[in-house]
Amino acid sequence: MLNDFLKYIEENHLVKKGNRILAAVSGGIDSMVMADLLLKSDLLSGIAHCNFCLRKEESDMDEALVREFAAKHFITFHSKRFATKQYAKKKGISIEMAARELRYGWFEKIRKENGYDLIAVAHNLNDNAETLLLNLIRGTGIAGLSGMKISGNHIIRPLLFSTRKSIEAYCRENKISYREDKTNADTKFTRNKIRHEVIPLLKEINPSIELTLNETAEKMSGIHDIVSDYVAEIKESLFVERENNIIVNISRLKPYVDSKALMYEIFKSIGITASLLKDLRNVIFGRTGGQIFTATYRILKNRNEIVITEQSVEENKSYKITSLADLKKIPFIASYKIFALNNDFKTASDQDTAYLDSQKIRFPLAIRKWQPGDFFYPFGMNRKKKLSDYLIDRKLSRLEKEKIHILESGGKIAWVIGERIDDRFRITRSTKKVLVLMAQIPQGKKVQGRL
């Protein structure tokens with residue numbers, strides 16, 4: 001086993017000379033065997049243990065075992081307790097997904113802070129087969145059929161060559177202590193059902209099903225690399241960044257629209273699933289203004305373009321302002337000042353700056369998105385105008401309109417932020433103090449890298 005372990009690391013170039021490796025050790029059989037193999041290979045620099053606090057004293061006993069192993073062999077030990085259930089509830093995700101997010105986020109933090117080069121996790125060949133089946137059952141693309149990657153993003157999987165049976169044999173021969181998580185036998189969890197019920201049934205048909213599935217995953221991984229390069233070239237020609245949005249020319253996209261597989265690969269990075277492909281097609285061939293939403297993006301048709309916008313939480317929020325000091329916390333206001341009106345006071349012709357009579361301002365103020373039915377008295381006019389008509393006259397695009405927010409005082413619009421103040425709040429000869437506000441229009445997150 002040790003020779004196979006070293007051979008696998010060497011053949012796959014997992015570790016370079018001098019690399020410091022942090023092992024993720026839960027206390028289960030796989031991770032304890034991995035820790036032992038890394039130790040005997042003189043590759044173990046540190047151990048990280050996550051206590052997810054899901055099994056009360058059982059979780060604490062897992063941590064105690066791993067801590068004892070690290071102390072016995074003089075290995076640096078890192079541990080952290082997580083409020084996993086609370087995190088899952090807050091994020092609206094499963095316990096399993098919550099634990100995954102928490103552990104990998106923390107592992108990377110520990111790696112950076114302590115100068116580790118790599119994080120070793122103990123996934124084995126059986127885990128890989130189970131993952132492939134799990135992805136297949138849920139529905140997936142080529143990436144999901146490629147199984148787990150041997151390495152990537154500072155993560156290595158040095159046990160991915162070994163079956164669970166071989167790991168158990170090594171554990172017995174070397175008298176390695178480990179702890180059994182009783183929930184691993186609970187088939188109410190999908191992965192456990194696959195492990196304990198589906199794979200044994202498949203083994204009746206193919207006794208080497210784990211090896212077969214892993215060979216399939218390796219082939220699909222190679223195909224995925226080829227397809228990824230091809231799709232990257234397509235996206236490079238299609239996706240253009242403009243004002244923090246991604247713009248796709250529909251005429252250039254049309255040659256690919258009839259291929260569901262290709263469209264999925266092109267748009268999966270923005271959350272398009274197989275079930276959303278039909279909706280995406282309808283947007284592409286529909287009228288201007290048609291749109292769909294993924295978990296984090298909005299896809300909108302604007303004439304002969306598809307506009308992909310990352311959704312900004314700030315843009316959809318409403319804010320209550322009980323005092324001037326609260327303005328410091330509002331993302332739409334860059335700064336504010338109060339000036340006494342005198343002969344030296346000058347205004348600038350700048351849409352991003354509002355000059356308001358402070359005596360006419362009534363707290364609490366509100367900043368919110370404009371709504372149909374809103375009206376105001378545009379500066380310089382003595383009659384009201386629907387805000388929707390004003391925005392049409394300004395010839396703003398749909399995207400620009402959606403970013404418009406208003407400052408409300410006493411139920412009246414005082415300022416269409418970044419556009420025009422309401423004439424009822426303007427400076428007059430009787431004004432004593434002027435409230436000067438500078439607008440700061442949130443642009444949302446800039447799309448990182450190539451989608």
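Values in this text are rule-based calculations from the coordinates and carry no lab data. It should be emphasised that the depicted structure is a prediction, and the values quoted were computed from it without experimental measurement. Positions of Cβ are backbone-derived with ideal geometry, glycine not excepted, and every protein chain shown enters the neighbour counts.
Evaluating 6.51 cos²θ - 1.76 cosθ + 1.60 at θ = phi - 60° for every residue in segment 70-84, the Karplus couplings come out as 5, 5, 4, 9, 6, 9, 4, 10, 10, 9, 8, 9, 10, 8, 5 Hz, glycine and proline recorded as x. Exceedance of the 29 Å cut-off in Cα-Cα distance is limited, within the set 89/329; 85/165; 40/149; 328/369, to 85/165. Stretching the chain fully between residue 173 and residue 20 yields a gain of 52.3 nm (0.36 nm per residue, less the alpha carbon separation). Considering all different alpha carbon pairs of segment 170-259, the Kirkwood hydrodynamic radius works out to 18.4 Å. Averaged over residues, the count of other Cβ atoms within 10 Å places the peptides 401-409, 341-349 in the sequence 401-409, 341-349, highest first.
For the pair residue 326 and residue 100 in one chain, pulling the backbone fully straight at 0.36 nm per residue adds 77.6 nm over the alpha carbon distance. Each peptide among 115-121, 34-40, 291-297 gets the average number of other Cβ atoms lying within 10 Å of its residues, and from highest to lowest they stand as 34-40, 115-121, 291-297.
If both residues of a DSSP beta bridge must be in the chain, then about 75% of such bridges are antiparallel. Taking other Cβ atoms within 10 Å as a rough exposure proxy, 307, 33 sort from fewest to most as 307, 33. Applying the Karplus relation 6.51 cos²θ - 1.76 cosθ + 1.60 with θ = phi - 60° to segment 208-219 yields 3J(HN,Hα) values of 9, 4, 4, 5, 4, 5, 5, 5, 5, 4, 5, 5 Hz, where x marks Gly and Pro.
The P(r) of segment 105-250 has a tail past 23 Å containing 54 percent of all C-alpha pairs. Across segment 409-426, rounded Karplus estimates of 3J(HN,Hα) from the backbone phi angles (6.51 cos²θ - 1.76 cosθ + 1.60, θ = phi - 60°) give 10, x, x, 10, 6, 8, 7, 7, 4, x, 10, 7, 7, 7, 4, 5, 10, 6 Hz, Gly and Pro being marked x. Taking Cα atoms only, the orientation of helix 2-11 departs from the longest principal axis of the chain by about 50 degrees. Compactness of segment 214-348, taken as the C-alpha radius of gyration over 2.2 N^0.38 Å, stands at 1.59. Listed cross-link partners 320/346; 219/278; 360/384; 395/433 are compared with a 26 Å cut-off, the Cα-Cα value being larger for 320/346; 219/278; 395/433. Sorted largest first, the spans of the alpha carbon positions of segment 243-310 along the three principal axes are 29, 25, 17 Å. Ignoring aspartates and glutamates fewer than eight residues from residue 16 along the same chain, the ones with Cα atoms less than 18 angstrom from its Cα are 4, 42, 117. Diagonalising the gyration tensor over the Cα atoms of the chain and scaling each eigenvalue by 5 before taking the square root yields semi-axes of 56, 29, 19 Å, largest first. Summary value for the chain: 12 percent relative contact order, contacts being C-alpha pairs under 8 angstrom separated by 6+ residues. Only helices enter the 222 nm calculation for the chain: every DSSP H run of n ≥ 4 contributes -39,500 (n - 2.57), and dividing by all residues gives -11000 deg cm²/dmol, rounded to 500.
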